[in-house]
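Have a look at the structure below, then the notes.
The values are calculated or read from the model by the stated rules, or taken from the named source; none is laboratory data. None of these values were measured; they are calculated from a predicted model. Here the Cβ positions follow ideal geometry from the backbone for every residue, glycine too, while neighbour counts run over all protein chains shown.
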Amino acid sequence: MNRRFVFCVLAAGVALAGCKSGSPEARIDGKNLFVTRSALTAFFPHDVTLTEATANTLRTIDPRYTIQKVAWSFKSDPGTVYRSNPLAHANVDYAHAAGLTGAGQTIAFVDEGYLTTHQELTGKTITMPAGIYAPGIDDHGTATTSIAAGTGAVGDMIGVAPGADLQLGSFNSFESMTAATKQAMSVGAIVQNNSWGYDITFSQSNYERVFGSPEGKAYISSLRDLAKGSVIVFSASNIEGNTKADLMSALPSALPELEKSWITVINAVPTFKGSKIKGGKLVSAKCLDAAAWCMAADGTWTAATGTGNADYDFVTGTSMAAPMVSGAVALLAEAFPSLNGKELRARLMASANNSFYKHTGFVAFAPGIKHGYNETYGHGFLDLKAALLPIGGSFMPVTRGKRVRVDQPILRTGGMAGNALSRRLADHDIMVVDGMGAGFDMPANILTSEAVESTSRETVLALMDGSADEAMARAFPSYMSGRQLDLQLGETRVALLVPAGGSAENYGISLQRRVSDDLPGVSLGLTAMQESESYIGMQSMLSGTRIGGAHLAATLGLDMPFSDRHGLRLTGTVGIAQPQGSIPSMDMSSANFNAVGMSYGAKDFLASGDRFTLGLSLPQVVHSGVAKVALPSTRSIGGATQFNSFDVPLTPDARQMDLTFSYSVPVSRNAGLTFSAVRSLNESHISGRSASGAGIGFQFQF
């Protein structure tokens, strides 16, 4: 029984480092290979921001990334062209743009031969078993370690997890593999990469024959122990015609306790239609019996070689695909420190791109989250961008161990508070978790959506129905849906707010009366309102929760006639609102609000019987009140959530100001024409926002 590994490729007419110089018969799985590549001269500094634009810059300009983009084919099959780009095909550049390097993580290797002085490995903490178990210098281990963790600091390439440290061991005997595996546990390696295997198919008898000795059993025991806390990655066979999985690829069939920590990796090159994967070209065996724990990666690289500290070689094989997955595990471990090895492995497989083939089976990786696979590609291609984004929805932990879904905002802000809540929440971060338990830091204002209440239309309509002072005397805020009905009962003006046309069931009554005959220009008013589905204009958007409010306000009006033809009217309102109900993580206090208005009116202004009105008003706005907020901030490895509690003032950053104009002129005994306009500054109490409206209307009397 021979352990196998495949790594060396030859370019057409060029002997690449790591291959035997002048060896035109160099082969991979019995195929001669030639390579064509474009010259790469451009360079762009490595930026680390979480944007697709930055990732695109890395993928298209940075030579450490673009060096991996290559079209190649086997010399024995020149008609089949493979267009490899392993970093881009796995969206590794996206992870690097997000600032992830694998720092603080250790990747273990069971391989053969490492040039630890190679420039891609310098600066790393490297641990190796002492004595006879220490590996020697060779091209294979040098290549695989550079793919997983090449620093990219001074060399021609960059690995998947350039900031990760290494633990290196040899596969030259069961004793050396056992020693390497035990040391991997002692240094806390999150993943062990195995780019080797046995060229025999899996069967129970083959398993017992290979591992039946005391030394073999000791190695299996060490794998069982490692699987309790780490991910174990094995490369599949490179033989494309296999009809059964090889022994190590399918080992969880004999040892089911390994499956949730095990990943078998095949070598394949994805093909695209636009930016979407439409298929793949295998360059190895299929997943076969190992499909349920198998995935694919583009294992064609320019990687470090052991011939010199600054030497590189062009290589392909499952040996090179596997360390891509191992490096990806290290990046995820850095990104999600609260997840254990089994959870990281599940995340990587559940996010693999399986959109381009029919699924023949499914694995449930978390409640409500299952992922399809087939015997060719397993769970599909490695996709780090998908692995770094929420899977199965986004949820905010709330008190008492519950959580609410926050894929969409949970609160619509606006009304009297304007954007006060959303603006101030932007200064805070919250931790949300996805369906697989990973934590994400996001700005807290994802919980809200701003609503701009366009009051100009309603004001114009009110102006067309009456004067500007009557429009400003609207008893109920414009954000409260419903229809206002006005009645005049002697010296008392009564306004009613009733539901209209499918609107929320908001109700209100307002009474306004002249104080006395001795003070004919002074009036007092009292208004009571009930919001059924919002509080001071803020509305819950979370299914199953509702926040309402009760309002009580007092109004003072002062009429100041200058003559029988023109005069000034002043109004002021103060009130209090009391919340009814709450939404998760936010408890609203009572709020005090006010409004003021002034209008000048004249009749017989330009013509007999006309009426002119000019007004200035500041609509109702909160001047005191808070939202008591408790937001999840951190999560321990044990799953406990810590909350950050603070008060958010509900006073907006600006105040709306409405400038109104109205001019009415009779055109006949029973008809009149009205021109009206409004200009709203800081609309909805949001600084810098404005709106305008104008209208022309006819009035008829019968």
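Which of the residues belonging to the stretch 579-604 are of a type outside the set (A, V, I, L, M, F, W, C), assigned to a strand (DSSP E or B) and touching a Phe, Trp or Tyr at 6+ places or on another chain (Cβ under 9 Å)?
Of everything in the stretch 579-604, those that are of a type outside the set (A, V, I, L, M, F, W, C), assigned to a strand (DSSP E or B) and touching a Phe, Trp or Tyr at 6+ places or on another chain (Cβ under 9 Å) turn out to be Pro579, Gln580, Tyr600, Gly601, Lys603.
Go over the candidates Ala630, Ala577, Ala607 one by one and state the one that is modelled with pLDDT of 95 or more and either more than 30 Å from Arg689 (Cβ to Cβ) or touching a helix residue (DSSP H, G or I) at 6+ places or on another chain (Cβ under 8 Å) (or both).
Among Ala630, Ala577, Ala607, only Ala577 is modelled with pLDDT of 95 or more and either more than 30 Å from Arg689 (Cβ to Cβ) or touching a helix residue (DSSP H, G or I) at 6+ places or on another chain (Cβ under 8 Å) (or both).
(1) more than 38 Å from the chain's Cα centre (by Cα); (2) surrounded by fewer than 17 Cβ atoms within 10 Å (Cβ to Cβ); (3) not hydrophobic (A, V, I, L, M, F, W, C): which one isn't true of Asp138, the others all being true?
Failing condition for Asp138: (2).
Please indicate, with yes or no, whether at least one residue in the stretch 105-113 is aromatic (Phe, Trp, Tyr), part of a loop (DSSP other than H, G, I, E, B), in contact with a helix residue (DSSP H, G or I) (Cβ under 7 Å, 6 or more places away or on another chain) and in the same structural domain as Val329 (by TED's automatic domain parsing).
No, that holds for no residue.
Say we look at the stretch 195-211 and pick out the residues that are at pLDDT 95 or above and among the hydroxyl-bearing types (Ser, Thr, Tyr); which of these is nearest to Tyr114 (Cα to Cα)?
In this case the residue turns out to be Ser195.
If I filter the stretch 203-218 for residues that are assigned by TED's automatic domain parsing to the domain that holds Asn85, in a helix (DSSP H, G or I), more than 32 Å from the chain's Cα centre (by Cα) and among the aromatic types (Phe, Trp, Tyr), do I get at least one hit?
Checking the stretch 203-218: at least one residue is assigned by TED's automatic domain parsing to the domain that holds Asn85, in a helix (DSSP H, G or I), more than 32 Å from the chain's Cα centre (by Cα) and among the aromatic types (Phe, Trp, Tyr).
Determine, yes or no, whether Ser664 is buried (at least 16 other Cβ atoms within 10 Å of the Cβ), in contact (Cβ under 8 Å) with a residue 24 or more places away in the chain and polar (S, T, N, Q).
So Ser664 passes the test.
Hey, among Thr573, Thr545, which residue is touching a strand residue (DSSP E or B) at 6+ places or on another chain (Cβ under 7 Å), closer than 20 Å to Val622 by Cα and of a type in the set (S, T, N, Q)?
Every option except Thr573 fails the conditions.
Which residue out of Ile232, Ile220, Ile239 is closer than 13 Å to Ala108 by Cβ and touching a residue at least 24 places away in the same chain (Cβ under 8 Å)?
Ile232
Restricted to the stretch 54-110, and to residues that are at negative phi, among the small types (Gly, Ala, Ser) and touching a Leu at 6+ places or on another chain (Cβ under 8 Å), which residue is surrounded by the most Cβ atoms within 10 Å (Cβ to Cβ)?
Ala108
Scan the stretch 171-183 and give yes if some residue there is crowded, with 20+ Cβ neighbours inside 10 Å, among the hydroxyl-bearing types (Ser, Thr, Tyr), in the same structural domain as Arg209 (by TED's automatic domain parsing) and under 15 Å from Ile107 (Cβ atoms), otherwise no.
yes
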